[in-house]
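Everything below concerns the one structure shown next.
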Amino acid sequence: MRPLLILLILLLATVAQAQTPRPGVNYDEAKVGNDPLPDLKLTTAEDWTKTRRPEILKLFEDHVFGKTPTDIGTPKFEVTATKPDALGGLATRKFIHISLPNRPAWPGMDVMLYTPNATKSAPCFVGLSFGGNHAVSQETDVPLNTRWQRDNKEKNIVSNRATEASRGTESSRWPLELILKRGFAVATAYYGDIEPDHADGWKEGLRAAVSKDGANTDWKDGEWGAIGAWSWGLSRIADYLETDKQVDAKHLAVIGHSRLGKTSLWAGAQDERFGFVISNNSGEGGAALMRRDFGETTAIITKAFPHWFTPKYTSYANNAAACPIDMHMLIALAAPRPIYIASAVEDTWADPKGEFLSGKFASPVCALFGKKGIVADEPPAIDTPVGDFIGYHVRTGKHDVTDYDWTQYLNFATRHWAK
């Protein structure tokens, strides 16, 4: 057999394997759901700001993520270490411990902040990591996170704990030098510091610590899930950044990937200090339209990860039409701030087209403020960003965060914040 033919067969086999349907999951566009989307009910910019936006926000509290408590207490910030010559002198690195003095049952979270030394006060990307600060940075003096983590041979997580071999395993998703050289800062923390990501993780995390019933809490409809708790953590990072003179706290971008992309969308919806919202491969429960029933569905996600959401969301499993919201409304909640949605062509589980359509159908809200969203009717070609105040791309590759993604986010932020 000719070498070129062999190569073609191997390539086709790889693509087929990457998109092999899971049993009982729809990957056929001819079989997607066709229930009509809830109406955004747009009138004027003033009405959106004062009335309609708060109405939609409450719908997401009641039916999807739950309401974040407002009486948790005042956070305490302690800068535990500063390294002025981090990354070979490129940046200053700080560690900040955030705690709640009136909620001592919560161990708090450890934030890692890199600010570029070439910039006096830098705009900042804020996001949570899956592996911890030691996994984000390749600097070997970053403390090893000691909290619960899901076992992972590839990332050297053993007995639910990180090991020395876990260092730098998430660094490809956080290209620190690329970001810092563009004049941006980066603030991140391990999401498990806020709440460990398993069904009973809340009992050891923030939600139990702030509940009057502690680990005996019976979570009810409308009360927050893990995504709500993680989102709360992102806002507490923003609280600290407002006190740090090396950060331009008027230009904060919240970013997240996968389940943490759902988290960044919800954090951005609740906290308007995040002037730029980024969803990277957030899929079901994030940017993807739930009514399409393509790839992961509400039924699948609420069975596998019920602790992420308010209990009410489970009632929409196989019954999306009964839900008063869909995810184009979550995208719309960012307006009039810019928002960017990213998909990956091999990540069919996250429904790239459904993510695009959320941005498309949220775009009319931009017009209320004299801005443009996504005008295209169909998803763009691979690796071809589209949109203005709502941006979108579907890139080559799989479910991940890559330098290509970050380059688009940096370009988008630079373009909008230069205005």
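Every number here is computed from the coordinates shown, using simple stated rules; none is lab data. Being a predicted model, the structure only gives us computed values, none of them experimental. As a convention, Cβ positions derive from the backbone with ideal geometry for all residues, glycine included, and neighbour counts pool all protein chains shown.
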For the chain, shape from the Cα gyration tensor axes a ≥ b ≥ c, cut at a/c of 1.5 then a/b versus b/c, turns out rounded
Order of TYR316, TYR190, TYR27 under a 10 Å beta carbon neighbour criterion, fewest first = TYR27, TYR316, TYR190
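Could you compute the FRET efficiency for ASP377 and ASP39, with r as their C-beta to C-beta distance and R0 at 30 Å, rounded to 0.05? List each step's numbers first, then the result.
Details: r = 19 Å, r/R0 = 0.63.
Once the sixth-power term is evaluated, E becomes 0.95.
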Residues in the range 171-191 that a label on TRP417 would reach, taking backbone N under 13 Å of a point 7 Å out along Cα→Cβ = 179-187
Treating the Cα atoms of the range 244-390 as identical point scatterers in vacuum, please give the log10 of the normalised Debye intensity I(q)/I(0) at q = 0.09, 0.17, 0.18, 0.19 Å⁻¹, two decimals.
-> -0.27, -0.92, -1.02, -1.12
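Apply the a/c threshold of 1.5 to the C-alpha gyration tensor of the range 140-251 and tell me whether it is rounded, prolate or oblate. Present the calculation step by step, with values, prior to reporting the outcome.
Details: a/c = 2.59, a/b = 1.24, b/c = 2.09.
Oblate, because a/c is 1.5 or more while a/b does not exceed b/c.
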With no solvent and one point on each alpha carbon, what is the Debye value of log10 I(q)/I(0) for the range 310-413 at q = 0.15, 0.16, 0.18, 0.23 Å⁻¹?
-> -0.66, -0.74, -0.89, -1.20
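Quote the FRET efficiency, to the nearest 0.05, computed for LYS83 versus ALA30 with a Förster distance R0 of 51 Å and r equal to the Cβ-Cβ distance.
Approximately 0.35, to the nearest 0.05.
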Calculated FRET efficiency, THR217 and ASP403, Cβ-Cβ r, R0 45 Å, to nearest 0.05?
-> 0.60
Partner aspartates and glutamates whose C-alpha sits under 15 Å from that of LYS262, ignoring same-chain residues fewer than 8 away, are GLU61, ASP197, ASP271, GLU284, GLU296, ASP326, ASP351, GLU355, ASP400
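Tell me, in nm to one decimal, what length is gained between ASN102 and LYS67 on full extension, where the rule is 0.36 nm per residue of separation less the Cα-Cα distance?
Working: separation 35, 0.36 × 35 = 12.60 nm, distance 2.06 nm.
Result for the pair: 10.5 nm of gain on full extension.
Length gain on complete extension for the stretch LEU59 to LYS120, per 0.36 nm per residue less the alpha carbon to alpha carbon distance? Mind dumping the intermediate values first?
Working: separation 61, 0.36 × 61 = 21.96 nm, distance 4.09 nm.
The LEU59-LYS120 span can extend by a further 17.9 nm.
Please identify the helices of the chain, taking whole runs of DSSP H, that span at least 18 Å along their own axis as judged from the Cα atoms and have a mean Kyte-Doolittle score of -1.0 or higher. Please list the in-between numbers first.
Values: long enough: 3-18 (23 Å, 2.46); 226-241 (23 Å, 0.53); 403-417 (21 Å, -1.27).
Helices meeting the span and hydropathy rule in the chain are 3-18, 226-241.
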Extended-chain gain in nm, criterion 0.36 nm per residue less alpha-carbon gap, ALA322 and ASP141 | 60.0 nm
